[in-house]
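Presented below is the structure to which this report refers.
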């Protein structure tokens, strides 16, 4: 039996470079491949290589997917390696986003592995001429207890199969129910951990190729400026420097980074500055968004439909007679992902074929971008994603990959391009800013009767209310945007939950109701799965937080406050309690304690899940309190960490996570939703502490203090 | 010009200007890519290495400042395949997500423990304030530093594991 992937290049944390004898078929159009051997490779030493087109960007799926396969194959997870995100070696994948790995990809692997296990049982039964029910599976082997015989999987594969089973798995394959898991669902160490702590893990930024040169790209002096002319002669006089000009950009290639930077500084460009957007700034952008509608387009609708309507708003508003109505608007700023590893790519041409190593969440999408940019068939382009220094939704596009490929083509050598931090803050895309207007009514009993909700620009994800409201009109309005914008962890669910859950608190305050009681009152249907799961996390979080026994401000605001928020997105459920201290004179806010309950069905990797939930809370605190892209006259002003504060050690509160393990429910993704409750919980706690309702993110940098 | 440095207990000679940043020296001249570029202005701590046991931001430190000093990078911590107790503590506590900040975190923590063998939680937080973990694993990092510090105080060699004090 031959092995396709060399042992010294096992995909523990980097990526192997072996070539399989049979690349997987591109099933992009027809759904996932059902050939077991496209997903699983059985090595002669008894180990298994899982092949999957997802990228590891810190969310821990290299570990959780290994657990899934180890579970079905009844073998230790240490013997399962995961080969990820290589367009030549792994099956097609749409991209690593939308919290899809656990609900969509893991079940494929469960089914493929379960089908493989069943095949091995049948083959062993035939070999020994016994009934399959007499056989047991354990430790990667098939055993026959009555006779004590045992045979490893690897010995049940023919030489001709070369480690890959050609049989198919089926959609209704019997997989191990989560209640019976013995490997998945248990604490596991991250597969890449050892390479992280020794510094051995090689990100794209760290890689080299034989003969590799270093590239750098000339960035426009202001947003929207285009290159009019370029004099590169001074730069090209430097030894080993090539000046490159394409239709889209200009850049240089040099033997090292210092020379590349020097060459860049010697370029003499002239620019067409244009005037588009120069009158818009971070101060007036919300007026701009509302007054600049744009036709909805597939690429900027972000998620879901644009309008949701139930009942009649007129009726709903009228039903509130004896109750209250409320109108308020909420704002969220543009923020940056600022992954610690900046965008980077290495491009290498070989006889017209292109290979690019790059940190992206969409390896196959970037392959398409490259193929289109260079007029190549996709088979001649290979994208390989080394495990990446995080992304948070920010690395969907192939910008760095395309730039590196142009530079490599011009230099006829492999070229590495690593964006600087300033490029990361100015040339990448941002989380969209948004304006959200809410008009609502509650009846005398505190039930919401009408919900009129308009989101301008931030997005449709998480836009629908989970509360029981008979009369609703909810619309996402596409607008023009002065800054380049795109996906961000949880998309607009953060903005929409901030607006909705802030507004819920305002309504609770109007009727003098406790924020928890008010939410439960408006989630009355315990038979409804959404409402009941939301109630469960609300109750779990508030119980751990001791919400009912918190000191309440009978003497008026004390500078110390407690806030609550909840939400659901992408099939998982969150409730967050926050405790804050506010200095009344400076307005400075300290979040001192956060309790977050999270439920995402059956838990696959409890250790990784807790890490994700904690990390999402910390990242959420950044957007909630301090992060904002400031821009004016076509310039991003917050273009480095010294100007764009992010959460650091001192900003972190005590955090308690309560993970609800619903073994009876399918596993949902967990990398995104835990971020959505933080901002509204903190905003509500600030109101509790001060009596001041802040309706704009970031809360600690509000330009004006809005009065309640 | 030829620079002579002592890196991870090994004398190294390289052809670079004294004003070259230590980050470039480590990564491009010596192939020690454990120290990471993150910001280029000493704000994120990903490039942290030690000079005579003290933490420096290698991206804003010129090579001349390392002459005559002991340079220690993340690659110098592991001995004969055995992790340093601080590395083991980061591993045990899962004190990372994407791992990009991890070497800088460990080196900053080691500098702290060199100067103060038993720091309290607030001391750890203050000392680590210059290191960014965008994934937000700060609480785990603090736990790992406490565990690693306890292991170092008890004189644990690279092979022994010490239970977390927490």
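The values are calculated or read from the model by the stated rules, or taken from the named source; none is laboratory data. Just so you know, these numbers come straight off a predicted model, no measurement behind them. A quick note on method: Cβ atoms are made from the backbone with ideal geometry, for glycine too, and the neighbour counts reach across all protein chains shown.
In the range A:251-275, the qualifying residues are those that are within 14 Å of chain B (Cβ to nearest Cβ), in contact with a helix residue (DSSP H, G or I) (Cβ under 9 Å, 6 or more places away or on another chain) and not in a helix (DSSP H, G or I), and the one that is surrounded by the fewest Cβ atoms within 10 Å (Cβ to Cβ) is A:256. Restricting attention to the range A:463-492 and to residues that are touching a helix residue (DSSP H, G or I) at 6+ places or on another chain (Cβ under 7 Å) and assigned to a strand (DSSP E or B), the residue that is surrounded by the fewest Cβ atoms within 10 Å (Cβ to Cβ) turns out to be A:473. Cβ separations smaller than 8 Å between residues 6+ apart or across chains give the following pairs from the range A:150-172 residues that are free of Cβ contacts under 8 Å to residues at least 24 places away in the same chain to residues that are assigned to a strand (DSSP E or B): A:150/A:141; A:150/A:142; A:150/A:143; A:150/A:144. Residue check: is residue A:650 in a helix (DSSP H, G or I), out of contact with any strand residue (DSSP E or B) (no Cβ under 7 Å at 6 or more places or on another chain), facing another protein chain (nearest Cβ under 10 Å) and surrounded by fewer than 23 Cβ atoms within 10 Å (Cβ to Cβ)? Criteria met by residue A:650. In this structure, does residue A:508 turn out to be part of a loop (DSSP other than H, G, I, E, B), on the phi < 0 side of the Ramachandran plot and away from chain B (no Cβ under 14 Å)? Spelling it out, it is not the case that residue A:508 is part of a loop (DSSP other than H, G, I, E, B), on the phi < 0 side of the Ramachandran plot and away from chain B (no Cβ under 14 Å). Only one entry of A:186, A:248 meets the criterion of being surrounded by fewer than 21 Cβ atoms within 10 Å (Cβ to Cβ), within 30 Å of residue B:81 (Cα to Cα) and either within 14 Å of another protein chain (Cβ to nearest Cβ) or out of contact with any helix residue (DSSP H, G or I) (no Cβ under 7 Å at 6 or more places or on another chain) (or both), and that entry is A:186.
Could you tell me whether residue B:16 is more than 9 Å from chain A (Cβ to nearest Cβ), touching a strand residue (DSSP E or B) at 6+ places or on another chain (Cβ under 9 Å) and at pLDDT below 95? Lay out the reasoning, then the answer.
Working: more than 9 Å from chain A (Cβ to nearest Cβ): yes; touching a strand residue (DSSP E or B) at 6+ places or on another chain (Cβ under 9 Å): yes; at pLDDT below 95: yes.
Here the answer is yes, as residue B:16 does meet what is asked.
Can you name every residue in the range B:36-56 that is within 14 Å of chain A (Cβ to nearest Cβ) and either at pLDDT below 95 or within 10 Å of the chain's Cα centre (by Cα) (or both)? Lay out the reasoning, then the answer.
Here is the first cut: in the range B:36-56, the residues within 14 Å of chain A (Cβ to nearest Cβ) are B:36-50.
B:45, B:46, B:47, B:48, B:49, B:50 - these are the residues of the range B:36-56 that are within 14 Å of chain A (Cβ to nearest Cβ) and either at pLDDT below 95 or within 10 Å of the chain's Cα centre (by Cα) (or both).
In the range B:74-93, of all residues being buried (at least 23 other Cβ atoms within 10 Å of the Cβ) and either within 7 Å of another protein chain (Cβ to nearest Cβ) or assigned to a strand (DSSP E or B) (or both), the one that is nearest to the chain's Cα centre (by Cα) corresponds to B:74. When the criteria are applied in full, residue A:96 meets the requirement of being more than 23 Å from residue A:154 (Cβ to Cβ) and not in a strand (DSSP E or B). Residue A:229 falls short on exactly one of the conditions (1) within 14 Å of another protein chain (Cβ to nearest Cβ); (2) over 29 Å from the mean Cα position of the chain (by Cα); (3) surrounded by fewer than 18 Cβ atoms within 10 Å (Cβ to Cβ), and that condition is (1). Determine if the range A:310-330 includes at least one residue that is touching a helix residue (DSSP H, G or I) at 6+ places or on another chain (Cβ under 6 Å), assigned to a strand (DSSP E or B), at pLDDT 95 or above and closer than 30 Å to residue A:358 by Cβ. No; the residues of the range A:310-330 include none that is touching a helix residue (DSSP H, G or I) at 6+ places or on another chain (Cβ under 6 Å), assigned to a strand (DSSP E or B), at pLDDT 95 or above and closer than 30 Å to residue A:358 by Cβ. The residues on offer are A:173, A:179, and the sole one that is within 24 Å of residue A:116 (Cα to Cα) and in a helix (DSSP H, G or I) is A:179. Looking for something under 26 Å from the mean Cα position of the chain (by Cα), surrounded by 22 or more Cβ atoms within 10 Å (Cβ to Cβ) and either closer than 19 Å to residue A:433 by Cα or without any contact (Cβ under 8 Å) to a residue 24 or more places away in the chain (or both) - is there at least one such residue anywhere in the range A:502-520? Checked the range A:502-520: at least one residue is under 26 Å from the mean Cα position of the chain (by Cα), surrounded by 22 or more Cβ atoms within 10 Å (Cβ to Cβ) and either closer than 19 Å to residue A:433 by Cα or without any contact (Cβ under 8 Å) to a residue 24 or more places away in the chain (or both). Out of B:144, B:127, B:150, one residue alone is farther than 21 Å from residue A:339 by Cα and more than 10 Å from chain A (Cβ to nearest Cβ). It is B:150. Look at (1) within 13 Å of chain B (Cβ to nearest Cβ); (2) surrounded by 18 or more Cβ atoms within 10 Å (Cβ to Cβ); (3) touching a strand residue (DSSP E or B) at 6+ places or on another chain (Cβ under 9 Å) and you find that residue A:645 fails only one, number (3). Quick one: is residue B:99 buried (at least 23 other Cβ atoms within 10 Å of the Cβ), assigned to a loop (DSSP other than H, G, I, E, B) and on the phi > 0 side of the Ramachandran plot? Yes; evaluated as a whole, the condition is true for this residue.
This table checks each residue for (1) modelled with pLDDT of 95 or more; (2) assigned to a loop (DSSP other than H, G, I, E, B).
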| position | (1), (2) |
| --- | --- |
| B:109 | yes, no |
| B:112 | yes, no |
| B:124 | yes, no |
| B:136 | yes, yes |
| B:160 | no, yes |
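The residues of the range A:81-92 that are buried (at least 24 other Cβ atoms within 10 Å of the Cβ), on the phi < 0 side of the Ramachandran plot and outside any strand (DSSP E or B), listed by number, are A:87, A:89, A:90.
Scan the range A:425-437 for residues that are crowded, with 24+ Cβ neighbours inside 10 Å and more than 27 Å from residue A:343 (Cα to Cα) and the total you get is 2. Search the range A:341-370 for residues being out of contact with any strand residue (DSSP E or B) (no Cβ under 7 Å at 6 or more places or on another chain) and assigned to a helix (DSSP H, G or I), and hand back the single one that is surrounded by the fewest Cβ atoms within 10 Å (Cβ to Cβ). Once the filter is applied, the top-ranked residue is A:368. In the set A:614, A:627, which member is surrounded by 22 or more Cβ atoms within 10 Å (Cβ to Cβ), more than 9 Å from chain B (Cβ to nearest Cβ) and either closer than 20 Å to residue B:44 by Cα or in contact with a strand residue (DSSP E or B) (Cβ under 6 Å, 6 or more places away or on another chain) (or both)? The unique qualifying residue is A:627. The set of residues in the range A:371-399 being away from chain B (no Cβ under 14 Å) and either assigned to a loop (DSSP other than H, G, I, E, B) or within 13 Å of residue A:345 (Cα to Cα) (or both) consists of A:375, A:376, A:377, A:382, A:383, A:384, A:396, A:397, A:398, A:399. Does at least one position in the range A:672-681 carry a residue that is more than 10 Å from every other protein chain (Cβ to nearest Cβ), part of a strand (DSSP E or B) and under 25 Å from residue B:129 (Cα atoms)? There is no residue in the range A:672-681 that is more than 10 Å from every other protein chain (Cβ to nearest Cβ), part of a strand (DSSP E or B) and under 25 Å from residue B:129 (Cα atoms). Here residue A:397 meets each of (1) closer than 29 Å to residue B:104 by Cα; (2) within 23 Å of the chain's Cα centre (by Cα); (3) at pLDDT 95 or above with one exception, condition (3).
For every residue, the table says whether it meets (1) part of a helix (DSSP H, G or I); (2) closer than 22 Å to residue A:698 by Cβ; (3) within 14 Å of another protein chain (Cβ to nearest Cβ); (4) free of Cβ contacts under 8 Å to residues at least 12 places away in the same chain.
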residue	(1), (2), (3), (4)
A:401	yes, no, no, no
A:404	yes, no, no, no
A:408	yes, no, no, no
A:458	no, yes, no, no
A:494	yes, yes, no, no
